[in-house]
1. Scan region 84-94 residue by residue and report those that are part of a loop (DSSP other than H, G, I, E, B), closer than 10 Å to Val46 by Cα and of a type in the set (S, T, N, Q).
2. For the subset of region 1-60 comprising residues that are modelled with pLDDT of 95 or more and small (Gly, Ala, Ser), which member is farthest from the ligand (Cβ to nearest atom)?
3. Could you list all residues from region 95-114 that are in a loop (DSSP other than H, G, I, E, B), within 14 Å of the ligand (Cβ to nearest atom) and hydroxyl-bearing (Ser, Thr, Tyr)?
4. Here's a check for you: in region 115-171, which residue that is within 16 Å of the ligand (Cβ to nearest atom) and among the acidic types (Asp, Glu) is least open to solvent (accessible area, probe 1.4 Å)?
5. Does Ile64 meet the test of being surrounded by 21 or more Cβ atoms within 10 Å (Cβ to Cβ) and touching a residue at least 60 places away in the same chain (Cβ under 8 Å)?
6. Where residues in region 98-113 are touching a residue at least 24 places away in the same chain (Cβ under 8 Å) and open to solvent by 70 Å² or more (accessible area, probe 1.4 Å), which of them is farthest from Gln139 (Cα to Cα)?
7. Collect the residues in region 41-57 that are open to solvent by less than 50 Å² (accessible area, probe 1.4 Å) and of a type in the set (Ser, Thr, Tyr), keeping them in residue-number order.
Amino acid sequence: MARFALLALLVFALGFVPGKGLAGEPFVPSWIKNDPAAKTVAMEIVSDWNQVERYRRDNIRTDIIDFNGYWGGNLTIMVPTGWTVKIDFINGSSSFRHSLMVTRVYAQSEMPVKLTPEDAIWEAFTNPPEGIKTNERRQLNFVAKQAGNYFLACARQTHLMDGHWIGFEIQNGIDRAVAIVHDDKFPLEQPPGRP
Ligand SMILES: [Cu+2]
């Protein structure tokens, strides 16, 4: 009986911890470069990084618009509090304008139809907010002043509602910027994001 109770406890502890989502291990992708001495992280974020690969695989256009192959919060970037963030933003789309903006967290039901410059945290957004053209690039620099959860989102038309956002978390107590893929939000049939 005691053995059974112990087993039940073990099963509970391993498999049914409330709030434990499916997430991979934190990793430093090739497009994140940490400089701990300067408390600075540089990252390159490409819009529609996977558009061509998706099209090649299925020969149909998908509704997915992405940042480095991630969308709808299936990746979270974590940055230490107080660090300077330097994002090299490139529009890799072959057809659409895109932008990049730091915003608060939105539930799907409360997302605005369109983000405006007033929605930008620390005025961090690429200009013009309606998006840069195909193959254009912008540098977006800001200080990760306040610990908490944010979005990196696209302010183009309805792109936020359409899933053109990833998670952005500013954390105390971490010593470098990392990323986590949320496998439960990443359909297996989709090509993987940028490593
Ligand atoms: Cu977009």
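The values are calculated or read from the model by the stated rules, or taken from the named source; none is laboratory data. Just so we're clear, the structure is a prediction, and the values are computed from it rather than from any experiment. Positions of Cβ are backbone-derived with ideal geometry, glycine not excepted, and every protein chain shown enters the neighbour counts. When the accessible area is computed, the model is the full protein with side chains, heavy atoms only, and any ligands, DNA or RNA have been set aside. Shrake-Rupley method; radii C 1.70, N 1.55, O 1.52, S 1.80 Å.
1. Ser93
2. Only one residue tops the list, namely Ala37.
3. Within region 95-114, Ser95, Ser99 meet the criteria.
4. Restricting to residues being within 16 Å of the ligand (Cβ to nearest atom) and among the acidic types (Asp, Glu), the top hit is Asp119.
5. In short, no.
6. Restricting to residues being touching a residue at least 24 places away in the same chain (Cβ under 8 Å) and open to solvent by 70 Å² or more (accessible area, probe 1.4 Å), the top hit is Gln108.
7. Ser47
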